[in-house]
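Every number here is computed from the coordinates shown, using simple stated rules; none is lab data. These numbers come from a predicted model, not from an experiment.
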Amino acid sequence: MIRPNDEHSLAKKAQSAFAEAARDVIARARAHNTLVVVWRDNKVVYLTIAQAEQELSSNENDE
């Protein structure tokens, strides 16, 4: 049986993969001195590296 709070659950693995991908995107933006581009509320939004890091940190703390 898979429990939602099990640290090996598919949802937790997916969330970890998304967070790792976000960290990679932020690192690439920093390396190339570009903005981070996201899709939000049916439109393209450009974030500074600091804004992207803040959102990632906030999202990780919400877990």
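Measure nothing fancy, just the Cα-based angle from helix 10-32's long axis to the longest principal axis of the chain, in degrees from 0 to 90, nearest 10.
In the chain, helix 10-32 runs at an angle near 20 degrees to the longest axis.
Provide, in order from the shortest bin, the percent of all Cα-Cα pairs of the chain in each 5 Å bin, continuing until the bin that contains the maximum pair distance.
3, 17, 22, 21, 16, 9, 7, 3, 1, 0
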